[in-house]
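Bear in mind that the values in this text are calculations on the coordinates, not laboratory data. The structure presented is a predicted model; accordingly, all values stated were derived computationally and were not measured. Quick reminder, even Gly has a Cβ in these numbers, built from the backbone with ideal geometry, and neighbours come from all protein chains shown.
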């Protein structure tokens, strides 16, 4: 069976991860951005893939499809095995494509059940459900992203469910400030074989508050999004491949050290994810000398 790269949009909780993913040694999809990142079933979403390789940014023209197979509870993968095979709805090939989320997405991937006696699907830690999206690029592993779908609450009191329907605001993608290197906007050139400090930041407005149904208290509570910043480079070494900011932390920047490679062209990518599935990306082409 063909392997897949799962580009999970939920925010991680680790502040320091290892070096396996940060250096782009072969072509791959780094992120799949949905705009808007959360929609109701039957609505349109625009999909774009960010792809890179050891020589820098790639012009990605994927063959897009929507997963049509629900994931059984017995499967450990982020998507059903059928999504790696033929249980998909083809959308066409384009750098950016518009897809209509199926009207039954909350039944296939969310809490709605086709008949009584079946248990609703579990949401992610923020209460969200997701429509898997598949991007196939020639000679690359299939890549999956996830567009969040707004569904009704399951197992909530009627008044709480109604309040959620009327007050919940769908997620919006965050934004990134320009990357800073050694305390200044990213320059065109950086010194070779040198440790430089990278600072990625975002406006405070990029971190949204949202309503969440607390199953323990059976009430709606207000939470803030957690943020996760993934670092990528074509060469050198990065101290971490991701940095996280918890939802209780109002920090709006993260920092890492990049030990630059030998002289030549280089590319950095940063991918900011919020815990409800929103993404922002930035590509920085540099000359190392």
> Which of the peptides 258-269, 203-214 is most tightly packed, and how do the rest follow, judged by the mean count of other Cβ atoms within 10 Å per residue?
Replying inline: 258-269, 203-214
>> For the chain, report the % of Cα-Cα distances exceeding 33 Å.
In response: 25 percent
> Expressed in nm², what is the orientationally averaged projection area of the convex hull enclosing the Cα positions of segment 222-277?
Replying inline: 4.3 nm²
> Which peptide among 123-129, 248-254, 144-150, 55-61 comes first, and what is the full order, when sorted by highest mean count of other Cβ atoms within 10 Å?
Replying inline: 144-150, 123-129, 55-61, 248-254
>> How would segment 149-246 be classified by its alpha-carbon gyration tensor: rounded, prolate or oblate, with rounded meaning a/c under 1.5 and the a/b versus b/c comparison settling the rest?
In response: prolate
>> Based on alpha-carbon centroids, what's the gap between segment 193-214 and segment 117-153 in Å, whole number please?
In response: 23 Å
> Based solely on its DSSP helices, what 222 nm [θ] is calculated for the chain when runs of n ≥ 4 H residues each add -39,500 (n - 2.57) and the sum is averaged over all residues, nearest 500 deg cm²/dmol?
Replying inline: -1000 deg cm²/dmol
> Hey, what angle do you get for helix 158-167 against the long axis of the chain, alpha-carbon based, 0 to 90 degrees rounded to 10?
Replying inline: 40 degrees
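Applying 1/(1 + (r/R0)^6) with R0 = 22 Å to the Cβ-Cβ distance of residue 81 and residue 104, what FRET efficiency is obtained, to the nearest 0.05? Intermediate results must be reported in sequence, preceding the final value.
Numbers: r = 20 Å, r/R0 = 0.92.
It comes to 0.60.
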> So how much slack lies between residue 217 and residue 26, counting 0.36 nm per residue of separation and subtracting their Cα-Cα distance, in nm?
Replying inline: 64.0 nm
